[in-house]
Structures are given as structure tokens and as C-alpha cells.
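Each remark here refers to the structure printed beneath this line.
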Amino acid sequence: MTENLDQQIHAFLQGSAALLAQRTLQAYRADLKQWSLFFQEQGIEQLATVNVRHLRHFLLRERQRGIGVRSLRRRFAALRAFYRWVRHSDPSLADPSIGMPLPKLEQHFPDCLGVDQARELLEQARPQGDSFLTLRNQAILELLYSSALRVSELAQLELKDLDARNGLVRVLGKGSKERIVPVGRYALTALTAYLPLRAQRVKNTNILFISHRGSPLGVRGIQYLVDKAGRERLGQRLHPHTLRHSAASHLLQSSGDLRSLQEFLGHAQIDTTAIYTHLDFQHLAQVYDQSHPRARSPEKKT
């Protein structure tokens with residue numbers, strides 16, 4: 001690489017020092033060093049001679065070297081930031097990285113209970129000791145799964161939000177976006193058992209779920225009791241969001257209606273809901289592997 005390009009990178013880093021976080025600046029410095037070495041290996045002396053073919057070559061080579069997708073995307077972000085800086089003084093310079101497709105980040109699917117696991121978790125427990133806590137916790141578990149609520153949504157529910165007669169609940173989701181979702185019959189049964197005991201303990205709050213002292217039950221309290229139920233009933237850690245994911249996956253498996261699921265979950269974009277199609281395919285693959293005679297691995301002959 002020519003001294004001129006090295007000087008440009010140095011000037012870019014110097015000029016960005018006051019604008020970028022220290023960690024970002026360090027990442028840019030390391031990433032641009034990799035670009036500098038690559039351009040030098042390719043005999044590239046001027047930034048203007050870099051084209052899409054060079055960038056694809058870099059991408060392929062780095063992937064073959066085992067560089068992860070996240071690191072590669074960060075390196076291209078550094079290159080694009082450098083190009084933007086250079087183009088301020090030379091607008092005619094073409095940026096071949098614009099519009100170049102990059103490998104997508106690996107998608108991490110949410111944890112999800114199987115239908116049998118969900119049934120095992122939600123089987124009614126007989127009240128023991130403090131029946132208020134038993135019935136309240138059961139109602140929370142049922143409602144989280146029945147209506148696929150976020151834990152924050154459940155924690156802020158008020159009595160007026162529940163329409164038990166019609167089996168509906170009004171939910172205030174992200175961005176203060178309101179939606180009305182159905183409540184299943186098991187959840188309604190659990191709520192019907194809980195509400196009279198709530199009335200005996202409540203203290204100056206309209207919040208639906210309260211602590212044993214009568215004050216609103218917070219997000220942390222809900223997370224604790226859900227995790228406790230997971231350990232006791234399933235022998236595993238359990239987060240409230242797992243119940244939301246499970247409800248979404250099970251509903252999609254039964255209906256195949258992605259648009260209705262989007263409304264049910266309160267997603268602004270269908271792309272967010274589409275992750276559950278992957279979960280559905282995973283379920284299909286498991287059923288296929290377990291049931292289809294041609295899917296089984298051949299038994300080893302002895």
C-alpha cells in the first residue's frame with residue numbers, strides 16, 4: 001500500500017478520535033490494518049482502483065481463514081466509514097462496498113418448550129400452605145402462555161384490562177402500542193380462582209397481579225416465580241419469554257397463519273414474526289426424523 005493511503009487511514013483515525021468511542025476507534029484501527037495488508041498483497045496502490053471483485057476476494061479469503069461473520073461485518077463497517085471520510089474531500093471517488101451483500105449473522109432461535117412440556121408445566125397444582133400464592137402463580141403461568149405476553153406487559157396489567165366475560169385482555173406493548181388478545185379457558189379458570197383472594201389482600205392498586213403484601217408484583221418477582229415453577233415442574237431453568245415463544249410456536253404449528261400470529265404477538269414487522277416459521281420447520285424436521293422410515297439412520301450390521 002502506498003504511503004499516501006497509509007497517511008489517509010492515519011488521518012481518518014486522527015480525525016475520528018474526538019467523534020468515536022475509544023473502543024470503536026480501536027476496532028476501526030485493527031480492521032483498517034487488515035484492509036491495508038490485503039490491499040498491499042493485491043498490489044493496490046490507490047483507493048480509486050479498488051473494486052467489488054477485490055472486496056469479494058477479501059470476503060472469501062477471510063471466511064476460508066475461519067473469520068466469523070460478525071467480525072467480517074465489522075471490518076466492512078470500518079471500510080465504509082473510511083470511504084465516507086475520504087469522499088468528503090473527493091466526492092468523485094466510487095465506493096464499491098455500497099450495496100455489496102454481506103453474510104448474514106447466524107440467527108439464534110428462542111428457547112421453546114414442546115407441547116407436552118407446556119402441558120406438564122401448566123397442570124394445576126393443588127394449593128398447599130398459602131393458597132393465594134399457589135393460585136396467583138398458576139394464573140400468571142397460564143396467562144403468560146395463553147396470551148403470549150411479555151413479562152413487562154403482564155406486570156402492568158390492571159383489573160380493567162381483563163374482559164373475563166369475552167375471554168380477552170387489553171395489552172400495552174412496546175412503543176405504547178395497544179392490542180387485544182384472547183385468553184384461553186384454562187387461564188380464565190385460574191384467574192377466576194385467584195381474583196377473590198386478590199380482593200382480600202389488595203392495597204391501593206389496580207394492578208392485576210399483586211404480592212402477598214398486597215402491592216404490585218414487579219417484573220423480577222414474576223421472573224423468579226416462573227423460574228421456580230420451571231425447576232420444580234420441569235427440572236430446568238425457565239424464563240417468562242420462553243412461554244411467549246412457546247405459545248407463538250405452538251399456535252403457528254396448529255394454524256399456519258403468520259399474519260394472525262403477528263397481531264397476536266404485537267410485532268410491528270412481519271419479519272420479526274417470521275422467526276417462528278424456522279421454529280415450525282425445526283418441529284417438522286424432528287417429526288420427520290422420528291417418524292419417516294427413510295429418515296432413520298441405517299443400523300450398523302454386526
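Brief remarks follow.
- Every residue from region 208-234 that is surrounded by fewer than 17 Cβ atoms within 10 Å (Cβ to Cβ) and either among the β-branched types (Val, Ile, Thr) or at pLDDT below 90 (or both): Val219
- Residue check, Glu178 surrounded by fewer than 14 Cβ atoms within 10 Å (Cβ to Cβ), among the acidic types (Asp, Glu) and touching a strand residue (DSSP E or B) at 6+ places or on another chain (Cβ under 8 Å): yes
- Condition met for His267 (under 18 Å from Asp116 (Cα atoms) and either touching a residue at least 40 places away in the same chain (Cβ under 8 Å) or not polar (S, T, N, Q) (or both)): no
The rows are residues; the columns are (1) in a helix (DSSP H, G or I); (2) out of contact with any helix residue (DSSP H, G or I) (no Cβ under 8 Å at 6 or more places or on another chain); (3) small (Gly, Ala, Ser).
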position: Arg136; (1), (2), (3): yes, no, no
position: Leu144; (1), (2), (3): yes, no, no
position: Asn166; (1), (2), (3): no, yes, no
position: Ala187; (1), (2), (3): yes, no, yes
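- Qualifying residues in region 1-38 (those that are modelled with pLDDT under 90 and in contact with a Ser or Thr (Cβ under 9 Å, 6 or more places away or on another chain)) - the one surrounded by the fewest Cβ atoms within 10 Å (Cβ to Cβ): Asp6
- Complete set of residues in region 194-230 that are over 30 Å from Glu120 (Cβ atoms), out of contact with any Lys or Arg (no Cβ under 9 Å at 6 or more places or on another chain) and not hydrophobic (A, V, I, L, M, F, W, C): Gln200, Asn204, Thr205
A quick yes/no check of all residues on (1) farther than 21 Å from Met100 by Cβ; (2) of a type in the set (A, V, I, L, M, F, W, C); (3) in contact (Cβ under 8 Å) with a residue 12 or more places away in the chain:
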position: Phe12; (1), (2), (3): no, yes, yes
position: Arg23; (1), (2), (3): yes, no, no
position: Ala27; (1), (2), (3): no, yes, yes
position: Asp31; (1), (2), (3): no, no, yes
position: Val50; (1), (2), (3): no, yes, yes
position: Leu55; (1), (2), (3): no, yes, yes
position: Gly68; (1), (2), (3): no, no, no
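- Test: residue in region 283-301 that is in contact with a strand residue (DSSP E or B) (Cβ under 9 Å, 6 or more places away or on another chain) and either part of a helix (DSSP H, G or I) or at pLDDT 80 or above (or both): no
The values are calculated or read from the model by the stated rules, or taken from the named source; none is laboratory data. Small disclaimer: the values here were computed from a predicted structure and weren't measured. Neighbour counts are summed over all protein chains in view; Cβ atoms, including those assigned to glycine, are modelled from backbone coordinates with ideal geometry.
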